[in-house]
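Novice: So that we are looking at the same thing, I have put the structure below in structure tokens.
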Amino acid sequence: MRLYRSTKAQVDRSRGLGARLNAFGKRLFDLVASVPAALLLSPVMLIVALLVKLKLGSPVLFKQQRPGRYGNPFYVLKFRTMRDAYDRFGQPLPDEARLTSFGKLLRKLSLDELPQLFNVIRGDMSLVGPRPLLMEYLPLYTEEQAHRHDVRPGITGWAQVNGRNAVSWEDKFKLDLVYVERRSIWFDFRILVRTVGKVLKRDGISSAGQATVQKFTGSREMGNAS
């Protein structure tokens, strides 16, 4: 985590008035968009919650600690899409054995992501940014890849509208870094518009040959990681 604390200090020192105004505008944009969206979509979320309860049982929400800005942990919220199933040693079965057809439908329609609107309202996430991955990935990033944590994670992002889970981890991180460099309210708006099209097409949901996405085990350039 020392790398992320150092990154935070560098970013704080380099932020001028323009960067601060852009950050304020982005946060305002997140609230202006996410609060009405959460209210309008609350009937949909209620219906999905009832269906999850009926088909998969409790808990309805999947909560998992993920790294946010500068690697600070928070709990991401999603609707549950997998059933409880364990092997004889008490270990969870692979994703493909636990992901139900109902869960696949929720993922294809991105309905499982709707509770993350509350993460945005709380300030843990943004509407647009690099996706929040697993805490265990933090020490595996190269120093360059770690800059994806210079911004809040997002519900959608530049990588999500350019292949989502169908692209390699290295390409996904490169797209995340493009977003970090180019971020602006206008860029966020473009990504949100493209996200709608991606959801309707339902492409890039999973990696080739995987029920969801293959775990990241480290970059080919791990010699630069800290």
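Novice: Tell me, what HN-Hα J-couplings in whole Hz come from the Karplus equation 6.51 cos²θ - 1.76 cosθ + 1.60 at θ = phi - 60° for each residue of region 66-83, using x for Gly and Pro?
Specialist: 10, x, x, 4, 6, x, 5, x, 8, 9, 7, 10, 9, 6, 5, 10, 10, 8
Novice: How much length, in nm to one decimal, is gained on full extension between Phe24 and Val193, taken as 0.36 nm per residue of separation minus their Cα-Cα distance?
Specialist: Fully extending the segment from Phe24 to Val193 adds 58.7 nm.
Novice: What distance in nm separates the two pseudo spin-label positions at Leu109 and Leu40, each 7 Å out from Cα along the beta-carbon direction?
Specialist: The modelled label-to-label distance comes out at 1.7 nm.
Novice: Follow-up. Out of residues 5 or more away from Phe62 or on other chains, whose amide H comes under 5 Å of its own, with H placed 1.01 Å from N in the peptide plane?
Specialist: Lys78, Phe79, Arg80
Novice: Take Leu93 and Leu50, extend 7 Å from each Cα along the Cα→Cβ direction, and tell me the distance between the two endpoints in nm.
Specialist: 2.9 nm
Novice: Which ³J(HN,Hα) values in Hz, rounded to whole numbers, follow from the phi angles of region 190-198 under the Karplus curve 6.51 cos²θ - 1.76 cosθ + 1.60, where θ = phi - 60° and Gly and Pro get x?
Specialist: In residue order, the calculated couplings are 4, 5, 4, 5, 5, 4, 4, x, 5 Hz.
Novice: Measuring from a point 7 Å past the Cα of Val180 along Cα-to-C-beta, which residues in region 114-145 have an amide N at less than 19 Å?
Specialist: Only 124-145 fall inside the zone, counting backbone N under 19 Å.
Novice: Under 5 Å between amide H atoms, partner at least 5 residues away or on a different chain: which partners does Ser126 have, H built in plane at 1.01 Å?
Specialist: Gly154, Ile155
Novice: In the structure displayed, which of Lys53/Lys78; Lys172/Lys198; Lys104/Lys201; Lys53/Lys104; Lys78/Lys172; Lys78/Lys108 lie more than 18 Å apart, Cα to Cα?
Specialist: Values: Lys53/Lys78 14 Å; Lys172/Lys198 16 Å; Lys104/Lys201 15 Å; Lys53/Lys104 16 Å; Lys78/Lys172 22 Å; Lys78/Lys108 14 Å.
The pairs that break the limit, which is 18 Å between Cα atoms, are Lys78/Lys172.
Novice: So, taking all protein chains as they sit and a 1.4 Å probe, how much accessible area belongs to Leu51, in Å² rounded to tens?
Specialist: Accessible area of Leu51: about 70 Å².
The values are calculated or read from the model by the stated rules, or taken from the named source; none is laboratory data. Since the model is a prediction, treat every value here as computed from it, not as a measurement. Cβ coordinates were reconstructed from backbone atoms using ideal geometry, including for glycine residues, and neighbour counts include every protein chain displayed. Remember, those area values only see protein heavy atoms, side chains included, never the ligands or the DNA or RNA. Shrake-Rupley method; radii C 1.70, N 1.55, O 1.52, S 1.80 Å.
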